[in-house]
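A short write-up of the structure that comes next.
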Amino acid sequence: MQSEVEVLLQNLLVSPDRFSDHLKRMAGAIIMMVTYGHRVSTDEDPFIQLAEEVRRTAEETPGAALVDTIPMLKYLPSWIAPFKRLALMSRELSVKMREVPFLMVKEQLAAGNVVRSMVSSLLEDESRPKDGSDEEIIKNCGGVVYSAGADTTATALTNFILAMALYPDVQRRAHEELDTFVGRSRLPHFDDREKLPYLSAILKETLRWKAVTPLGVPHCTTEADEYRGRHIPREDDCSGQYIVSIRCFSNFMLFISNRAMLHDPDVYEDPNEFNPDRFIAKSTTHAAPDPARAAFGFGRRICPGRYFADDSIWIAMSSILHVFSIDEPAGGIEESHIRWSSGLVRYVSCMWRSQFLTIVASRALSLVVFVLVLKGRKLWWGDDL
Ligand code: HEM
């Protein structure tokens, strides 16, 4: 993680205007390494490009296509049903995305030169039940990690950058905390985390302020249920404060609104404001509940990457803040110019890249030099890096 964050810092230094590409690259590269032991060394990495293609074709919100609510439309021929052609293309791409890196790991295992990863460990595990579908399951697990983890992490970090540009006082306090507890001679590392409560509060507020997956991931009802006195049907309509449902074949597709929970004014005062202080307990007030309780879903299907996401976002945001300051462009940011995508993952679209932000490496020359040139070596003028 740490080495990919250093690449991120170098990239930000060289082309700050492309920050959203750099964040995506970092999130994807960390996941590729953990899942397949594959090091991403260029922006044109074939695995990342394939996964990105899958993401682009599957960008629509589940339930957005008419066929999701009127299932009989699936019998239309493909030439008058563009959704069918899109579905076929997405399917082919997603098979390829799971297949290609998986086969690479298998070949490396056979050749004895595998880099240890999630997929290689599962394949090497002799105790796994071998019932013929085991390799398929491993392949699918590998495939889902990139789709579920890369965009979400990059989106959270993009929201963080936006918040820092819009709330300079928050950024100033984070800089002060980093300067006091980490010092100017090195980058932050995980051992520093406990000493940086304000930064942890910024992370929580980032996940709350702009929910990354505002409607979570849809689920289907298999039977009727009840939530706090609210009936969740199998066959009838149901909608409520936090729940939206769409008929999905004979059952219902349920969307749990993370955003409604994370913006409930009874729980989070002035919910549209980016205010990390709400997560710091005072003598007179309790800290607000951790947004992780809603942002990562619920129950058996809760996000299995939540701790991993928390670590990657923390190390990236603390390092970015330690080296850079993020400033509004002259004339300020016009929030009305910020566009948000409407897919499963809600990310800031490209409008803002050119318009909204300057990332300035003005924090400390020594750190910039460290990141760019002297990584891993001792400085000739001292030992303390
Ligand atoms: C800010 C970052 C992230 C957010 C907000 C997020 C959010 C979510 C949500 C809301 C779900 C659906 C849970 C449910 O069905 O109730 C989910 C599922 C999932 N997430 Fe994440 N996630 C993040 C990062 C990651 C990362 C980094 C990984 C992997 C390394 C990951 C892997 C997964 C997987 C595999 C699932 C599917 C679980 C299943 O269907 O059983 N996520 N995530």
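The values are calculated or read from the model by the stated rules, or taken from the named source; none is laboratory data. Every value quoted in this text rests on a predicted model; they were computed, and no experiment measured them. As a convention, Cβ positions derive from the backbone with ideal geometry for all residues, glycine included, and neighbour counts pool all protein chains shown.
Quick notes on this one:
- Number of positions in the range 3-37 that are within 16 Å of the ligand (Cβ to nearest atom) and either under 18 Å from the mean Cα position of the chain (by Cα) or surrounded by 22 or more Cβ atoms within 10 Å (Cβ to Cβ) (or both): 18
- For the range 136-195, filtered to residues that are small (Gly, Ala, Ser) and farther than 30 Å from residue 56 by Cα, the residue that is nearest to the ligand (Cβ to nearest atom) is 174.
- Pick from the range 205-217, criterion more than 10 Å from the ligand (Cβ to nearest atom) and more than 16 Å from residue 321 (Cα to Cα), ranking: modelled with the lowest pLDDT: 210
- Qualifying position, being free of Cβ contacts under 8 Å to residues at least 12 places away in the same chain, surrounded by fewer than 17 Cβ atoms within 10 Å (Cβ to Cβ) and not in a helix (DSSP H, G or I), among 44, 92: 44
- For the criterion of being at pLDDT 90 or above and among the charged types (D, E, K, R), residue 126 fails.
- Selection of the range 101-123 for residues being exposed (fewer than 15 other Cβ atoms within 10 Å of the Cβ) and touching a Leu at 6+ places or on another chain (Cβ under 8 Å) yields only 109.
- Residues satisfying the criterion are present in the range 178-185 (criterion: closer than 12 Å to residue 317 by Cβ, assigned to a helix (DSSP H, G or I) and over 22 Å from the mean Cα position of the chain (by Cα)).
- From the list 22, 38, the lone residue that is out of contact with any strand residue (DSSP E or B) (no Cβ under 7 Å at 6 or more places or on another chain) and not in a helix (DSSP H, G or I) is 38.
- Neighbours by Cβ (under 6 Å, 6+ apart or cross-chain): first from the range 189-204, over 18 Å from residue 160 (Cβ atoms); second of a type in the set (A, V, I, L, M, F, W, C): 195/181
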